[in-house]
1. Hey, does the stretch 32-51 have a residue that's crowded, with 18+ Cβ neighbours inside 10 Å and of a type in the set (Val, Ile, Thr)?
2. Exactly one of these conditions fails for residue 110: (1) free of Cβ contacts under 8 Å to residues at least 24 places away in the same chain; (2) open to solvent by less than 10 Å² (accessible area, probe 1.4 Å). Give me its number.
3. Could you identify the single residue in 103, 112, 137, 122 that is more than 15 Å from the ligand (Cβ to nearest atom) and either under 14 Å from residue 155 (Cβ atoms) or not aromatic (Phe, Trp, Tyr) (or both)?
4. Away from the ligand (no atom under 15 Å from the Cβ), of a type outside the set (S, T, N, Q), without any contact (Cβ under 8 Å) to a residue 60 or more places away in the chain and in contact with a Lys or Arg (Cβ under 7 Å, 6 or more places away or on another chain): does that describe residue 217?
5. For the structure I just gave you, tell me whether residue 220 is at pLDDT 95 or above, hydrophobic (A, V, I, L, M, F, W, C) and in contact with a Phe, Trp or Tyr (Cβ under 9 Å, 6 or more places away or on another chain).
6. Go through the stretch 7-30 residue by residue and tally those that are within 29 Å of residue 191 (Cβ to Cβ), among the aliphatic types (A, V, I, L, M) and either open to solvent by less than 50 Å² (accessible area, probe 1.4 Å) or within 19 Å of the chain's Cα centre (by Cα) (or both).
7. For residue 175, indicate whether it is open to solvent by 10 Å² or more (accessible area, probe 1.4 Å), under 26 Å from residue 33 (Cα atoms) and in contact (Cβ under 8 Å) with a residue 40 or more places away in the chain.
8. Any idea which of 59, 10, 21, 38 is in contact with a strand residue (DSSP E or B) (Cβ under 8 Å, 6 or more places away or on another chain), without any contact (Cβ under 8 Å) to a residue 60 or more places away in the chain, more than 15 Å from the ligand (Cβ to nearest atom) and among the charged types (D, E, K, R)?
Amino acid sequence: MEVAEVMESELVWGRHYLAVEPTAFRVEYAINPFMDVEVQPDAALAFRQWHELVRVLRECGARVDVLPQRRDAPDMVYAMNLGLGVLDADGDRRAVLSHMRYAERRMETRSAERWLREHGWATSVVGRDGVGPHLEAGDAFAWRGSLVVGYGPRTEELALKHVAAELGVRVQGLKIAHPGMYHLDLAFCPLDARRALVCPDALDATSAAALLDLVPEPIVLTEEEALTTFCANSVVVGRTVVMPACPERVRRQLEEWGFTVRVVDVGEFHKGGGSIRCLTNPVDVALGRDLDVVPGGLVELA
Ligand code: ARG
């Protein structure tokens with residue numbers, strides 16, 4: 001590939017994130033198979049790991065804005081799930097807030113809403129306080145013009161319609177059928193315009209086939225790789241992939257494609273069931289650039 005083509009295929013979004021500084025991170029309840037209240041994170045180590053992650057992201061050229069953590073919201077550190085932000089054609093900021101599946105996390109959205117409004121975002125919801133469909137933003141990715149959304153364990157199918165209509169985009173729904181990969185971001189990571197890390201084992205057979213159809217050049221991860229290393233839960237800043245771990249085979253392919261791999265240990269956060277992607281929420285996805293504008297919205301299910 002020519003340099004120009006490589007540049008053109010880079011993800012444009014992923015250079016501006018929201019993150020929540022872990023001042024009250026712990027495992028207080030178990031809402032996913034990784035969480036065990038008997039296995040607590042080391043708070044000081046988690047704090048250092050998080051700061052190192054932010055430092056590396058900034059070194060890669062990304063901007064990271066930091067929200068304070070609520071004392072009563074131990075999972076708020078997984079900022080990816082606070083909501084789905086997009087810039088519309090006028091550059092205005094719009095966020096669809098998450099409506100968490102588990103009541104334990106619902107107060108996080110209230111704080112995010114306040115913070116976003118104070119920082120110039122218009123916010124909307126598809127449901128709140130247990131009324132209306134659940135939506136968790138860790139299930140949603142802009143990819144090749146569509147919003148690819150996993151549904152099942154957390155996000156409900158009905159939420160796809162609401163998001164599509166609210167943002168005026170095409171939503172491609174994929175059904176998650178794995179209890180350990182309860183958010184799409186544990187099984188899917190767009191790398192550039194053609195490539196992505198994918199773990200088809202997270203999805204039912206039809207959706208797995210649909211995801212592989214969607215990605216011209218996938219790196220297919222085994223269930224074991226995805227679950228034990230969290231390597232799909234990575235973020236991409238231009239040609240740099242910031243990963244919690246990287247199996248050798250995956251690293252070879254990434255480097256062959258011209259990516260630089262930066263491994264940052266965020267192991268303490270794996271005790272809550274999330275890694276690098278979960279800790280960061282990209283807020284520079286643009287309608288009309290990263291997502292096709294589809295007035296009224298459209299949902300396509302696998
Ligand atoms: N303990 C959190 C939960 O179960 C982990 C969230 C992980 N975040 C993510 N984007 N996958 O909700």
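The values are calculated or read from the model by the stated rules, or taken from the named source; none is laboratory data. All figures in this text were calculated on a predicted structure; none of them were measured in a lab. Don't worry about glycine lacking a Cβ; one is built from the backbone with ideal geometry, like all the others, and counts go over all protein chains shown. Side chains included, ligands, DNA and RNA excluded: accessible areas come from the protein's heavy atoms. Shrake-Rupley method; radii C 1.70, N 1.55, O 1.52, S 1.80 Å.
1. No, the conditions are met nowhere in the stretch 32-51.
2. Here residue 110 meets the rest and fails (2).
3. Sole residue among the options that is more than 15 Å from the ligand (Cβ to nearest atom) and either under 14 Å from residue 155 (Cβ atoms) or not aromatic (Phe, Trp, Tyr) (or both): 122.
4. Here the answer is yes, as residue 217 does meet what is asked.
5. So residue 220 does not fit the description; no.
6. 5
7. It is true that residue 175 is open to solvent by 10 Å² or more (accessible area, probe 1.4 Å), under 26 Å from residue 33 (Cα atoms) and in contact (Cβ under 8 Å) with a residue 40 or more places away in the chain.
8. None of the other options fit; the residue is 21.
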